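What follows is one structure encoded as C-alpha cells, with my remarks underneath.
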Amino acid sequence: MFSVKFVRYLLSVLGGVFTYTAVGFDGADERYSVSKESTEYYVNGVNSYHNSDVIWAVNVGGEEYIGSDGIKYLAEEHISGGTTGKIDEILGSQDTYIYQSYRLGDFSIDYPIENGEYNLVFKFAEPFDVEMNARLFDVIAQDKKVIKNLNVRLARDGNHKSALVTATTDVVVRNGRLNIHFEALKGEPILNALVVRKKSNDTRKWKLVWSDEFDGKKLDDSKWTADVWQAFKVNNEDQAYTERNKNIRLSNGKLIIEAHKEKYENAEYTSGRIHSKGKGDFLYGKAEILAKIPAGQGTWPAIWMLPSDPYKYSTSCKPNEDWQGSTTCDAWPNSGEIDIMEHVGHDMGTVWGTVHNKAYYWVNWEQRKSSVVEKNLDKEFHLYSLEWTPEYIHIFLDNNLYFTYVNEDTGWEAWPYDHPFHLILNIAVGGNWGRAGGPIDDSIFPVQMEIDYVRVYQLDE
C-alpha cells in the first residue's frame with residue numbers, strides 16, 4: 001500500500017498556475033483522489049498530462065516500480081548481455097529504488113516500437129568509488145552516437161553516489177525497433193533505468209501574462225534591473241557585472257548579454273546580469289525563453305530564478321542583509337533556486353536543469369538536477385522553458401521534458417517553491433563550475449548570449 005503522503009503528491013490533480021503579480025496562488029484546492037484508470041506506463045495524477053507521452057519505462061536489472069512522478073517502470077525486459085548488480089546507497093534522486101539495480105558491461109536494448117520520433121531519458125549511478133575517469137562510454141541509438149564520452153561520476157560533480165539523469169532528443173525509429181547499445185571508451189558501460197517518450201506538442205491553452213520581446217532601443221527598466229557587482233561576489237566567478245551598453249544592450253530585436261576579456265576595476269573580465277525582481281515576480285505557470293548561448297571554455301550562461309523574498313525561509317540573516325555571496329546568511333539555499341538552463345563551455349552541448357533547496361543541494365550530494373544533450377546551442381536559437389505548479393517543477397529544452405521535481409509534502413526544506421520568484425539572465429565567466437574543466441580560454445572573447453524573447457503564461461483552462 002502507498003502512504004497517504006505518497007498518494008497525495010503522486011495522484012493530485014493539477015492545481016495552480018503563474019500569477020502576474022507577486023501575490024500567492026489564488027484558487028488552489030485540495031482535490032486529491034486515486035484513479036483506477038491508468039495506462040501501462042503511467043499512473044493518473046500529478047504528472048498525468050506529460051506522462052501520457054511515455055511509451056516505455058524499464059527498471060534495468062530490477063523489478064516493477066512506480067516513480068514519484070507517476071511513471072510506471074516495468075521489470076527488466078528487452079535487454080541482453082552484460083551482468084546485473086545492486087547499489088546499497090543512492091543520493092540525488094527522488095526515486096532511489098530504480099538506481100539500486102543496474103546492468104554493466106557489453107549489453108544492448110532491442111524494443112519493438114512504432115515508427116516515429118522519440119526522446120530518451122537515461123538514468124545512471126556509479127556503484128563504485130572509482131577514479132574520476134575510470135568509466136567512460138558512448139551511447140548509440142539507431143546507429144547514431146547520441147551521448148558522447150559520458151562520465152557518470154564527473155557529470156555529478158565527482159559524487160559517485162549521486163544519481164545522473166541525462167536525456168537525448170529526436171531519435172527517429174523507422175524499422176519498428178528501438179535499438180540502443182553502449183560503447184566502452186574506458187571501463188565498462190552501465191545503465192540503471194530508461195524512459196522512452198513520444199515527441200508531442202502541448203495542446204493546452206496558455207494565456208500570456210508577462211513578456212519582453214526586446215523590440216525597443218534599450219532595455220526596458222520597467223521590467224528589468226541590471227546587477228552591478230564586483231568579481232568573485234558569488235560562485236567565485238571571475239567577471240565583474242556592469243550595466244554598460246558594452247555588456248547589456250538591445251540589437252535587431254534581441255537582448256545581447258556580452259562578456260569581454262578586459263581589465264575593469266579589480267576584474268579581468270566583464271559581463272552582464274539582469275533580473276525581473278519587483279517588476280515580474282511569479283508564482284506557478286510556464287516561462288519560455290528563446291535563446292542562443294555562447295561557446296568556449298570558461299563560459300557559464302544561465303537562465304534561472306531566485307525568490308523575490310529571499311528571507312522567507314532564512315534562519316540566520318540580518319534584516320535586508322546582502323545575502324548573495326554571504327557565508328552567514330542562509331537565504332540560499334533555504335528559500336530556493338530554480339535553474340531553467342545552465343551550460344558550461346567545457347561540456348559543450350549539455351544543458352542542465354536544477355533545483356536547489358535546504359534539503360537537497362550540492363553540499364550534501366543530494367542536489368536534484370538533470371541534463372539533456374543538444375547540438376548547435378551556440379549557432380541556433382533553442383527554447384528553454386519551465387512549468388511550475390504546487391505539485392511539481394518541469395524543465396524543458398525545445399518542449400522536450402527532461403527534468404521533473406515533485407513536491408514531497410515534507411515541508412519548506414524540500415519545497416520552498418510556494419512563493420513568488422523572479423527571472424535572471426546572465427553570462428558568468430569562470431567561477432567554480434566554469435573553470436571545472438580547465439582554465440578560461442581567453443581567445444574566445446567577446447562572447448554573447450542572445451535572447452529573442454521572454455514570455456510567462458498562465459494556464460487558461
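The values are calculated or read from the model by the stated rules, or taken from the named source; none is laboratory data. Remember, predicted model here, so these are calculated numbers, not experimental data. Cβ coordinates were reconstructed from backbone atoms using ideal geometry, including for glycine residues, and neighbour counts include every protein chain displayed. Please note that ligands, DNA and RNA were not included when accessible areas were found on the heavy atoms of the full protein model with its side chains. Shrake-Rupley method; radii C 1.70, N 1.55, O 1.52, S 1.80 Å.
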Within the set Lys254/Lys277; Lys246/Lys279; Lys205/Lys277; Lys86/Lys286, which residue pairs have Cα atoms separated by over 29 Å? Lys86/Lys286
From the residues Leu91, Phe128, Phe182, which one has its Cα farthest along the dipole of region 89-227 in the positive direction, the dipole being from +1 and -1 charges on Cβ of Lys/Arg and Asp/Glu about the Cα centre? Phe182
Per residue of region 267-276, in order, report the coupling 6.51 cos²θ - 1.76 cosθ + 1.60 (Karplus, θ = phi - 60°) as ³J(HN,Hα) in whole Hz, putting x for Gly and Pro. 10, 9, 9, 10, 7, x, 8, 10, 9, 10
Could you tell me the relative contact order of the chain? Use alpha-carbon pairs under 8 Å, at least six residues apart, and round to a whole percent. 19 percent
If you put +1 on each Lys and Arg Cβ and -1 on each Asp and Glu Cβ, how big is the dipole of the chain around its Cα centre, in Debye rounded to 20? 480 debye
May I have the extent of the alpha carbons of the chain along their three principal axes, as whole Å values ordered from largest to smallest? 60, 52, 44
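Quick one: net charge around Val429, please, counting Lys, Arg +1 and Asp, Glu -1 for every other residue with C-beta under 12 Å from its C-beta.
Around Val429, the charge tally is -4.
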Would you calculate, for the chain, the mean residue ellipticity at 222 nm contributed by helices, counting each DSSP H stretch of 4 or more residues as -39,500 (n - 2.57) and dividing by all residues, to the nearest 500? -1000 deg cm²/dmol
First select every other residue whose beta carbon is under 13 angstrom from the beta carbon of Thr315; then total the charges, Lys and Arg +1, Asp and Glu -1. 0
log10 I(q)/I(0) for region 335-446, Debye formula on C-alpha points only (no solvent), q = 0.21, 0.22, 0.24 Å⁻¹, two decimals, reads -1.26, -1.34, -1.47
Can you tell me which of 242-248, 305-311, 198-204 comes out highest on packing, and rank the rest after it, using the mean Cβ neighbours within 10 Å? 305-311, 242-248, 198-204
Expressed as a percent, the accessible surface of the chain that is carbon or sulfur, using a 1.4 Å probe and the full set of protein chains, is 46 percent
Normalised by the residues of region 51-113, what does the relative contact order come to in percent, with Cα pairs under 8 Å and at least six apart? 32 percent
Just tell me which lysines come within less than 23 Å, Cα to Cα, of Lys148; anything on the same chain fewer than 8 places away is out. Lys123, Lys161, Lys186, Lys198, Lys199, Lys292, Lys369, Lys375, Lys379
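If we count every other residue with Cβ under 9 angstrom of Glu258's Cβ, Lys/Arg +1 and Asp/Glu -1, where does the sum land?
Values: positive: Lys246, Arg249; negative: none.
So the surrounding residues net to +2.
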